[in-house]
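Quick note: the coordinates plus some simple rules give every number you see, no bench work behind them. Computed from a prediction, not measured in an experiment: that's the story for all the values here. Neighbour counts are summed over all protein chains in view; Cβ atoms, including those assigned to glycine, are modelled from backbone coordinates with ideal geometry.
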Amino acid sequence: MLGNPLYPTYQAFVAAGISAAIAAALMPLWIRILKYEGIGQQVRADGPQRHLVKQGTPTMGGVVILVAVVLTCALMAKWTLALVLVVGATLATGLLGLIDDVTSVTHGRSLGLTPAAKMVGLTLICVAFCLLAVNFCDVPAEVRFPGGFSIDLSVLSTTFEVGGRPFTIPWLYLAFTWLLIAGLSNAVNLTDGLDGLAGGTSMIAMLIMAGIAFICGEANLAVFSASCAGACLGFLWFNCYPASIFMGDTGSLALGTAFACMAIVTNTEVSSLIIGALFIIEALSVMIQVVSFKLTRKRVFLMAPIHHHFEKKGWAETKVVIRFWIVAAAFGALGLALFFQLG
């Protein structure tokens, strides 16, 4: 582990820089490999017409993001059980996204895995993460709110012995963490629709989580979050408009899971809902659009997710992205303020 453990803020800043440098250094080679292999994005046929020019743009940039994060953590952090658990869940979801991306490319369509198959994979990851976090990382099965109020979600639990030690399944908390992880991973995935949008907003969210982890005394988790933010920064150099590469589900699902897992291990789930509110708004816009059309045959938005709605209104893609970054930063600041109000 590099760096002086007496200066965890120094480690986090250096981790972000190292991760950004690794991502920026590896990305050109990865782009060339993908182009040589003919691995490119399949653009949805019902999307904005001006996005059709993006057809064939290399995808799966999330592979390099994950490589940068793992290498940086290996250099800058101590592999505590909590860090191993968060990184493991992130990589597992990234692998699920990679399978989805490969399926999309080989089938020549933008859909990838079926929703059912993707949800089964996410569910397995969520269940494993929650049970290991509660039983081996002492994560409390409760949800904390501002003012010291909390809801105990361990009231409905099953406990049995495994290898001579108690193993608890907190059913209510398990359901809650499933909603959080599966919801946020899919929400970031839905946000990944414009050049630089998911990368920039994820960078902002993970920077905020790095600060929260540091305040909670979790220096190694702060390094992980800073590494995620740094990798997004290095990726953005190649993903800004017009993008040379997309992160794909490999990156978006993994970053959403990383964000949710950080919220769980720091017990800041409520704050995370504010920090990641932009992702939630993106997901809600799709749900509202689907429900409205099925019930009334009318659409609330010109197109969903909501970033496409503003494109349809005539906003340039770069304007949508930058304004969404600003909104994400505002939500991040609000969520951080809320964190300080937790008892």
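A simple rule links phi to the HN-Hα coupling: the Karplus curve 6.51 cos²θ - 1.76 cosθ + 1.60 with θ = phi - 60°, which for the range 177-193 gives 5, 5, 4, 5, 5, 5, x, 6, 5, 6, 5, 5, 4, 5, 5, 7, x Hz, with x for Gly and Pro. List residues of the range 116-139, by number, whose backbone nitrogen lies under 17 Å from a label position 7 Å along Cα→C-beta of Arg165. It comes to 129-139, nothing else.
Here is the size of the chain from its Cα atoms: Rg then Dmax, 19.6, 64 Å.
Dipole check for the range 259-316: with +1 at the C-beta of Lys and Arg, -1 at the C-beta of Asp and Glu, and the Cα centre as origin, the magnitude is about 480 Debye. Less than 5 angstrom separates the built amide H of Phe167 from those of Phe160, Glu161, Val162, all sequence-distant by 5 or more or on a different chain. Counting only lysines at least 8 places from Lys118 when in the same chain, those with an alpha carbon closer than 30 Å to its own are Lys35, Lys54, Lys294, Lys298, Lys312. The charge dipole of the chain, taken about the Cα centre with unit charges on the Cβ atoms of Lys, Arg (+1) and Asp, Glu (-1), comes to about 980 debye, rounded to the nearest 20. Taking a point 7 Å out from the Cα of Val155 in the direction of its Cβ, the residues of the range 245-280 whose backbone N falls within less than 20 Å of it are 269-270. Packing order of peptides 285-294, 125-134, highest average first: 125-134, 285-294 (average count of other Cβ atoms within 10 Å over each peptide's residues). Per-residue packing, averaged as other Cβ atoms within 10 Å, sorts the ranges 242-251, 305-314 into the order 242-251, 305-314, beginning with the highest. Ranked by the mean number of other Cβ atoms within 10 Å per residue, highest first, peptides 264-274, 200-210 order as 200-210, 264-274. Taking label points 7 Å from Cα along the Cα-to-Cβ direction, Ala25 and Ile215 give a separation of 3.4 nm.
Stretch Arg32-Ala316 to full length: gain in nm at 0.36 nm per residue minus the Cα-Cα span? Roughly 99.4 nm would be gained on extension. In the chain, helices alone account for a calculated mean residue ellipticity at 222 nm of -23000 deg cm²/dmol, with every DSSP H run of four or more residues adding -39,500 (n - 2.57).
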